[in-house]
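Following: one structure in structure tokens, then a few remarks.
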Amino acid sequence: MERIINLHVEKLPEGLYLATSEDVQGLVAQGRTISETMEIAKDIARKLLESQDEKSLTPDISNLGKSFDCSLVVGV
């Protein structure tokens, strides 16, 4: 199963990169390069999502209001 996760990446004063995500609770990744940070974040996200049960992976759409934000994957 594939899932899109939004990341926030910032460059730290020490020159390292830090990635966090509001989509996956507990996801924090740090690397020397953006590429390394993204790979670490991907691995951590996979492990965190695997540790959650299926019920928590299913979004609760019962309380969506009149508008919402989402991501869409489109193959071209």
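The values are calculated or read from the model by the stated rules, or taken from the named source; none is laboratory data. Here the structure is a predicted model, which means the values were calculated and not measured. FYI the Cβ positions are ideal-geometry reconstructions off the backbone, even for glycines, and counts take in every protein chain you see.
Laid out as a table, the results:
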item	result
Evaluation of Ala41 against (1) more than 20 Å from Ser71 (Cα to Cα); (2) buried (at least 16 other Cβ atoms within 10 Å of the Cβ); (3) among the small types (Gly, Ala, Ser) (one fails), failing number	(1)
Those residues of region 28-76 which are at pLDDT 70 or above and touching a helix residue (DSSP H, G or I) at 6+ places or on another chain (Cβ under 9 Å), in sequence order	Val28, Ala29, Gln30, Gly31, Leu49
In region 1-38, the residues that are surrounded by fewer than 16 Cβ atoms within 10 Å (Cβ to Cβ), touching a Lys or Arg at 6+ places or on another chain (Cβ under 9 Å) and either touching a residue at least 40 places away in the same chain (Cβ under 8 Å) or closer than 25 Å to Asp69 by Cα (or both)	Asp23
